[in-house]
Amino acid sequence: MLELSHISHAYAKKPALRDITLSLAAGERLAIIGPSGCGKSTLLRIIAGLEPEHTGSVSYRGRDITRVPTHLRGIGLIFQDHALFPHMTVAANIGYGLYGQPRATITARVDAMAQMFGIAELLDRRPDQLSGGERQRVALARSIAPSPGLLLFDEPFASLDRTLRDRFLAELPPLLHHAGVSSIYVTHDPLDACLIADTLAVMDAGRVLRHAAPAHLFRDPQTRLVARLLGMRDIVPMHPAYAALAQPSPAATHLHIHPQAGVDARQHPHSLLTVTVRGVTLRPPWPQLQVAVGDDVPPFSYDWPFGEPPPIGSSVIVAVRHDCVAWLRDD
Ligand code: ADP
Ligand code: MG
C-alpha cells in the first residue's frame, strides 16, 4: 500500500537519506530501528509530505503522491511530544481531525475512540489534568479518529517508563488491526520493535540495511553492524576454538552466541564448547557466566539455569544451541 522508491534527501547538501527503497503491505506494521541521526524522522516526514524537496517517489494506495500536500495524503503522524491542544477538552482534542463533519458524526466517532482507548471517563478533562499515559492515549485516539490508512509513529513512547511502554506496545497492534490501519513505528529500542512489528527495517547513516521479519533478522543478522544495531552484545572475534560449533560461515570474522544458548539445549541441535569461567553475575532468576574459549579471548555471556554456578577459573563444557549462534561478517 506504500512504496518508497529511490528516496534521497539532503539538508543543506548534507545527505540524510541515501537511495531508500522500501514497501509496506496493507495492514502491515513496520518498525524502523536505527541510531540517532540515521534519518528515521526524515523518512517519516517525507512519507507524510513534510519534506517535499526529496528525490525519488512515494506511492500510496496505487497512486503517486510525491507531489501531494500533507493534508491531502490521509496519513497520520504521531510524535513523542504528542502536543495536545492545552485549552481544549479531551473530547475536543480527539474530534479535532473531524472538523467540518456533522456534529452527531463527530460525537459518535469521539465516543467510539474513547471506548476503544479506555478513556471514556476523561472526555471532559483538559490535557494538564491527565497523566503521561493518559495523554498518550488521547493522542493516539486523536490520530486514529479521522481513519487514516497509514499511521506514522516517531518514537511516541520514548518518554514513558518501561512498564507503561510495554503495556502500550501490547495494546497497540490489536487496536491498529481493528481500525484497519497500516503503520510505521520508529524506535531505537530492539525490544519495542519486536513487540510492535510484523517486519523490521534496520537503518544506518541514511540507508536501509535490511528489511525482514524480526525473528529472521535476530536469527541471522549477517553483519556485525546489523547485529550491533539490533542490540546484540558480546560480539566476539573468530577464534580456532569456535570450530567446534557447527557450520561457521567462511566469510565470518565474528560471531554472537546468545546468552540462552544452553537453555533446553538437549532438545535442540547443539555443539559442545570448552570454556573457562571468567565471572559470574546474577541475571534473576539465574546466574549468568562470563566465559571465554581461551586466555586473551573476549568472553561472552552464558545463562546458567542449572543450579550452583561453577567456580571462577574453572574449565567447563557448555552446550551451545545452533539456533543461538550468529556468524557475522564485516560490514
Ligand atoms: P533520526 O530521526 O534517525 O534521529 P533525523 O532524520 O532526525 O534522524 O536526522 C537525520 C540527519 O539529518 C541528521 O544528521 C540530522 O542532524 C539532520 N537533520 C535533520 N533535520 C534537519 C534539519 N531540519 N536541518 C538540517 N539538518 C537536519
Ligand atoms: Mg528522530
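Give the long-range amide H neighbours of Arg210: residues separated by 5 or more places, or on another chain, with amide H under 5 Å away, using H modelled in the peptide plane at 1.01 Å from N.
Excluding prolines and chain starts, which carry no amide H, the hits are Val202.
What's the magnitude of the charge dipole for the chain around its Cα centre, counting Lys and Arg as +1 and Asp and Glu as -1 at the beta-carbon? Answer in Debye, nearest 20.
The calculation lands at about 680 debye.
In terms of modelled amide H atoms, which long-range or inter-chain residues lie less than 5 Å from the amide H of Leu255?
Those qualifying (amide H under 5 Å, at least 5 residues apart or on another chain) are Val236, Met238, Leu328.
Relative to the first principal axis of the alpha-carbon coordinates of the chain, what is the inclination of helix 132-144, with its axis defined by its Cα atoms, in degrees from 0 to 90 and to the nearest 10?
60
Would you calculate a helix-derived [θ] at 222 nm for the chain, using -39,500 (n - 2.57) for each DSSP H run of n ≥ 4 and dividing by the full residue count, to the nearest 500? Display every interim value, and only then the final one.
Details: 8 runs with 79 residues, N = 331.
When only DSSP H runs of four or more count, the value is -7000 deg cm²/dmol.
Mark the label point 7 Å from the Cα of Asp330 along Cα→Cβ and return the residues of region 229-260 whose backbone N is within less than 16 Å of it.
Inside the label zone: 236-239, 250-255.
Placing +1 on the Cβ of each Lys and Arg and -1 on the Cβ of each Asp and Glu in the chain, which of Val208, Trp327, Ala251 has its Cα farthest towards the positive end of the resulting dipole?
Val208
Distance between the C-alpha centers of region 188-262 and region 92-156? Whole Å please.
38
Could you give each residue of region 308-324 its phi-based ³J(HN,Hα) in whole Hz, using Karplus coefficients 6.51, -1.76, 1.60 with θ = phi - 60°, and x for Gly or Pro?
Those phi angles translate into 3, x, x, x, 4, x, 7, 9, 10, 9, 10, 8, 10, 4, 4, 7, 10 Hz.
What number comes out for the charge environment of Pro146, summing +1 per Lys or Arg and -1 per Asp or Glu over other residues with Cβ under 13 Å away?
+3
If you count the DSSP beta bridges with both ends in the chain, what percent of them are antiparallel, to the nearest 5? Write out the running numbers ahead of the final one.
Values: 44 of 63 bridges.
Around 70 percent of the beta bridges assigned by DSSP in the chain are antiparallel ones.
Put +1 on the Cβ of each Lys and Arg and -1 on the Cβ of each Asp and Glu in the chain; which of Ile94, Val293, Ala170 then has its Cα farthest toward the positive end of the dipole?
Towards the positive end, the residue furthest out is Ile94.
Quick query: amide H of Tyr185 versus all other amide H atoms, modeled in the peptide plane; which residues come in under 5 Å with a sequence gap of 5 or more or a different chain?
Leu30, Ala31, Ile32, Phe153
What size of dipole, in debye to the nearest 20, comes out for region 235-328 about its Cα centre when the only charges are +1 on Lys and Arg C-beta atoms and -1 on Asp and Glu C-beta atoms? Please report the intermediate quantities before stating the final value.
Numbers: 4 positive and 6 negative charges, 17 e Å.
Computed about the Cα centre, the dipole is about 80 debye.
Please identify, among Leu200, Leu140, Leu273, the residue showing maximal mean-square fluctuation in a Gaussian network model of the chain using a 10 angstrom Cα cutoff.
Of Leu200, Leu140, Leu273, the most mobile in the Gaussian network model is Leu273.
log₁₀ I(q)/I(0) of region 235-328 at q = 0.12, 0.20, 0.22, 0.25 Å⁻¹, via Debye over equal Cα point scatterers, no solvent, to two decimals?
The Debye formula, applied to the Cα set alone, gives -0.33, -0.95, -1.15, -1.45.
Extent of the chain along each principal axis, from alpha carbon coordinates, in Å, largest to smallest?
75, 45, 34
Every number in this text was worked out from the coordinates using simple rules, so none of it is lab data. This is a predicted model, so every value here is computed, not measured. Because the Cβ atoms are built from the backbone with ideal geometry, glycine has one as well, and the counts that use them run over all protein chains shown.
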